[in-house]
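Colleague: After the structure tokens below, expect a handful of questions from me.
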Amino acid sequence: MKLNFKAIFVVVLCAVMWCTAQAQQVAIIPQPAHIEQHSGSLVLRADMTMAYDAECEPQAQYLREAIFRSTGFDWKTSAKKNRASVVLSIDAERVPASEGYELRVDARQVRITAHDNSGLFYGIQSLLQLLPPEVHGRELQRDVEWRLPQVLVSDAPNHPWRGMMLDVARYFFDKEFVKHYIDMMAMYKMNKLQFHLIDDSGWRLEIKKYPRLTEVGAWAGKDQNRLGGYYSQDDIKEIIAYAAVRGVEIIPEIEFPAHMLSAVVAYPWLSCTGKQHEVPRQHFISRDLLCVGKESSLQFLADVLDETVSLFPSNYINIGGDEAVYDRWQECPLCKKVMQREGITKASDLQGYLTNVVANMMKAKGKTVVGWEEIIQRGKVSQPVVAMMWHEVKDTIQATQTGHKAILAPATNVYLDFPESRTPGELKAATWMPPISLEKCYSMPINDYSSSSTVLGVQGCFWSDQFIHGTILQELPQLNEDRSERYAEYLTFPRLLAVAELGWCSNATRSFASFKQRIGSHYARLSYKDCNYRVPEPDIMKMTEADGKVRFELASPVAGATIRYTTDGSYPHSHSAVYSAPVTVERKEDFRAITEVDSRHYSLPLYFAPDFSAYKQHGDFVAEWKPNMLAEGKGTWRFESTGKMVGNGTYQLTFVCTHGAALSLGKLTQYKRDEVLAEVMPTAVAEGSAVVTYTIEQSAFEAGLPFFIEVETNGNASGSYGYVFVKKVK
């Protein structure tokens, strides 16, 4: 009996271990509303057949091509659903929720039933996520067993709006990249792409009635320094058709009254002044607005919108509307006449007047106006619109109070042009707000949706103004580079997956711990999709400090990845030691570890910032100096201060010598890019003081631009070490 009991125990244990291994394969993102996993599996074969409703043809073809590309299985079509291996069908009664689907895998058949074609596509994405990641490969994958766990998934989105904004106006991405971006969105069941086509630095949409918009407004610079591009109307039709199969609605954004210098360059009469400008190669926000007082300007807007909405089948048209400076309207005699006629006392309220004109125009065409939150903040807007709330989550109350709808797109959580951390080595990215980690992105509060909700959903935003700061991010066409596309993907992924789950899941089913466990197996899927991404640093499972030493226990956040480390403070690389057991060091600052996916794809190292608690009275850390950074004798030291002095006001910069020789400092100069903003001398201090303070009056802050500090130094041969801190005092 004992032997039999042991045998039974071993069999049961093996069964439990097998089921656990099978359960680990189910790592669907976004998390399905309901999932049941059963014992057993189904292995895909070359001789399988597909059956589908006629209306499912586009999605069936998508699945057939995806399977053939990676497996080589050329499934034939069957007329009999009961005998087919894979069955796709639309049944709105069985699946009542819009965009919903039911996925059933048993021992002999895969069946996806959906409410509509979008739901069917999402069921296919869940099916592909049940297969090994190689299924996303762009070429035939050999020696892979295409095994599916037996499951029943019943799923539907919690919010109708699950979007991304792609900025192709500041920097032009070609249509192939746009299609790739759409494909990656659709893989994670996102359904809205806000196409930011217009900005000061570029007009990207062909408008046949106004050809100079793309002949002139789409390009910046001359000859070999020329940048830009645009989408022909045939390009747009191709993109829309590609997106439609994948359930993605393309929403064009025609930005006005601000952010349209590219149009003013092409047609100067659009502005209040009529002055000729150039399309900028460097990022800035123009103060030239569309003139509200000119009939010709309003007719231009009507013509452009007519041509745009006839091209895009979306139910929405985005009119932008953000960051306008109203000086030109305030001074323009024609705009003043409109204010007097309409009983408007503030120039800013002319924007509300313009929004009403356009919203009524679009209503007649069956379209709903969407715009940034300013469209409901500048004057009264009587026609219901949808406001994209980009400051704070709580600002949606403004839409509730004024009878409008809202979409959550706050810069605090879902602006993906911000870096994920302050770790040294992060890519150059936006700095006018703090970094947004994967967890911070995922943890944005969003209430469950109902038909009475003000908030329709969530939208991530990727702005491309970093490409036009005169940095090295531009491609070299002679080398057929794609560094800008890789840069965009690095910042977008994996955070897009977090935005996708925010929009899809209810509060009850969202869990960052669950999401983090599931996403570990998705990095391989991104790799097979040829999508770049930020590799996460190793997870610290436990850090123990005892007897003057620190012990680290780590885990890889990426399935199958290696952890490499150093213990001397140096940067780990592909030949560094492989982590296999806990590591003990004298100081935690000496420990560095990276997640290595392959020799060219790895994370930043774990970083332990110095302890600045002793200097908290001086404010936030800005920079550090060491002897090898300073000139012997008299010289200057220059460092970047972008993101450290955000907004206008009075700031104190404090230089603290921590050890070595005290540094003698002279005049300090503040730059915005190359423009001198301020030149100040230090507050009077005793010769050789370890603390030197400067006071700067900042009055020309502009988000998105690089800032620098340059200070005169008198170096000392014995060396000097220290920190720079900043504090806003007024």
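The values are calculated or read from the model by the stated rules, or taken from the named source; none is laboratory data. Keep in mind it's a predicted model, so treat the numbers as computed, not measured. Note that we place each Cβ from the backbone using ideal geometry, even for glycine, and neighbour counts take in every protein chain shown. Ligands, DNA and RNA are excluded from the accessible area calculation, which covers all protein heavy atoms including side chains. Shrake-Rupley method; radii C 1.70, N 1.55, O 1.52, S 1.80 Å.
Colleague: Quick one: what are the phi-derived ³J(HN,Hα) couplings along region 424-438, Karplus 6.51/-1.76/1.60 with θ = phi - 60°, whole Hz, x for glycine and proline?
Modeller: After applying 6.51 cos²θ - 1.76 cosθ + 1.60, I find x, x, 4, 4, 4, 8, 4, 10, 6, 9, x, x, 10, 6, 4 Hz.
Colleague: If the cut-off is a Cα-Cα distance under 19 Å, which aspartates and glutamates reach K81, setting aside same-chain residues fewer than 8 apart in sequence?
Modeller: Counting by Cα, and skipping residues close in sequence, K81 has these aspartates and glutamates nearby: D47, D53, E55, E57, D91, E93, E102, D106, D116.
Colleague: With charges only on Cβ, +1 for K and R and -1 for D and E, what is the dipole size of region 513-577 about its Cα centre, in debye, rounded to 20? Please list the in-between numbers first.
Modeller: Numbers: 9 positive and 7 negative charges, 68 e Å.
The dipole magnitude comes to about 320 debye.
Colleague: Sticking with this one: Check cross-link reach from K336 to the aspartates and glutamates: straight Cα distance under 13 Å, and skip same-chain residues fewer than eight apart.
Modeller: Correct list for K336: D327, D349.
Colleague: Students often get this wrong, so check it: of K394/K428; K337/K405; K208/K237, which have C-alpha atoms separated by over 22 Å? Let's see the in-between values first.
Modeller: Details: K394/K428 29 Å; K337/K405 32 Å; K208/K237 15 Å.
Where the Cα-Cα span goes over 22 Å, the pairs concerned are K394/K428; K337/K405.
Colleague: Using amide H atoms built in the peptide plane, which far-off residues or other-chain residues are under 5 Å from V370 H to H?
Modeller: HN-HN under 5 Å from V370: I317, N318, I319, V386.
Colleague: Scan region 263-370 for GluC sites (Glu not before Pro) in coil per DSSP, keeping those whose Cβ has at most 16 other Cβ atoms within 10 Å, and list them by number.
Modeller: E278, E323
Colleague: What is the Å³ per residue value for the convex hull set by the Cα atoms of region 559-640?
Modeller: Each residue corresponds to 183 Å³ of Cα convex hull volume.
Colleague: Note down the magnitude of the dipole of region 272-347 about its Cα centre, charges +1 on Lys and Arg C-beta and -1 on Asp and Glu C-beta and zero elsewhere, to the nearest 20 debye.
Modeller: Approximately 340 debye in magnitude.
Colleague: Can you return the aspartates and glutamates within cross-link range of K730? Criterion is Cα-Cα under 19 Å, with same-chain partners fewer than 8 residues away left out.
Modeller: Within reach: D620, E679, E697, E702.
Colleague: If you roll a 1.4 angstrom probe over the protein chains with everything in place, what fraction of the accessible area of region 130-175 belongs to carbon and sulfur, to the nearest %?
Modeller: That fraction is 39 percent.
Colleague: Still on this structure: Give me the percent of the accessible area of region 237-338 that comes from carbon and sulfur atoms, probe 1.4 Å, all protein chains in place.
Modeller: The value for region 237-338 is 51 percent carbon and sulfur by accessible area.
Colleague: Another question, then. What number, in percent, do you get for the relative contact order of region 65-121 if the mean sequence gap of Cα pairs under 8 Å and at least 6 apart is divided by its residue count? Working shown, then result.
Modeller: Working: 86 pairs, mean separation 17.6, N = 57.
Averaging sequence separation for qualifying contacts and normalising by length gives 31 percent for region 65-121.
Colleague: While we're here: Quick query: amide H of A218 versus all other amide H atoms, modeled in the peptide plane; which residues come in under 5 Å with a sequence gap of 5 or more or a different chain?
Modeller: The list, which skips near neighbours in sequence, is W203.
Colleague: Which value results when the Cα radius of gyration for region 392-437 is divided by 2.2 N^0.38 Å?
Modeller: Working it through for region 392-437, the quotient is 1.50.
Colleague: Order the peptides 176-188, 86-98, 477-489 from the highest to the lowest mean number of other Cβ atoms within 10 Å of their residues.
Modeller: 176-188, 86-98, 477-489
Colleague: To continue, here is another question. Can you tell me the relative contact order of the chain? Whole percent, Cα pairs under 8 Å, sequence separation 6 or more.
Modeller: 9
Colleague: Can you bin every Cα-Cα distance in region 474-603 into 5 Å intervals starting at zero and give me the percent of pairs per bin, rounded to whole numbers?
Modeller: Reading upward from the zero bin: 2, 9, 16, 17, 16, 15, 11, 8, 4, 1, 0, 0.
Colleague: Name the long-range amide H neighbours of W146: under 5 Å, sequence gap of 5 or more, or other chain; modelled H, no Pro or chain starts.
Modeller: L44
Colleague: Can you pull out the GluC sites (Glu not before Pro) in region 515-595 that DSSP calls coil and that have at most 13 other Cβ atoms within 10 Å?
Modeller: Counting only loop positions with at most 13 other Cβ atoms within 10 Å, the GluC sites (Glu not before Pro) in region 515-595 are E586.
Colleague: Of the accessible area of region 340-498, with the probe set at 1.4 angstrom, what percent is carbon plus sulfur?
Modeller: Details: 3340 of 6420 Å².
It is 52 percent, rounded to a whole number.
Colleague: Let me ask something else about it. How about region 573-682: which trypsin sites (Lys or Arg not before Pro) there lie in a loop by DSSP and see at most 13 other Cβ atoms within 10 Å?
Modeller: When the trypsin sites (Lys or Arg not before Pro) of region 573-682 are filtered for loop state and at most 13 Cβ neighbours within 10 Å, R587, R600 remain.
Colleague: Order Y607, Y490, most accessible first, counting only protein heavy atoms with a 1.4 angstrom probe.
Modeller: Y607, Y490
Colleague: What whole-number volume per residue, in cubic angstrom, does the convex hull of the C-alpha atoms of region 318-459 give?
Modeller: About 133 Å³ per residue, rounded to a whole number.
Colleague: Averaged per residue, what accessible area in Å² does the chain show with a 1.4 Å probe, protein chains only?
Modeller: Each residue of the chain exposes 43 Å² on average to a 1.4 Å probe.
Colleague: So what are the ³J(HN,Hα) numbers for region 325-334, from phi and the Karplus equation (6.51, -1.76, 1.60; θ = phi - 60°), rounded to whole Hz, Gly and Pro as x?
Modeller: Karplus values, whole Hz, x for Gly and Pro: 10, 9, 4, 4, 5, 4, 8, 6, x, 5.
Colleague: Sticking with this structure for a sec: Run through every distinct alpha carbon pair of the chain and return the Kirkwood hydrodynamic radius in angstroms, one decimal place.
Modeller: Values: mean 1/r = 0.0349 Å⁻¹.
Taking the inverse mean of 1/r over all distinct Cα pairs, the chain comes out at 28.7 Å.
Colleague: Karplus couplings for region 255-266 from phi (6.51 cos²θ - 1.76 cosθ + 1.60, θ = phi - 60°), rounded to Hz, Gly and Pro as x?
Modeller: Running phi through 6.51 cos²θ - 1.76 cosθ + 1.60 with θ = phi - 60° gives 6, 6, x, 9, 6, 9, 4, 4, 6, 5, 4, 6 Hz.
Colleague: Just the C-alpha atoms of region 217-348: what Rg/Rh do they give, with Rh taken as the Kirkwood radius?
Modeller: Rg/Rh: 1.02.
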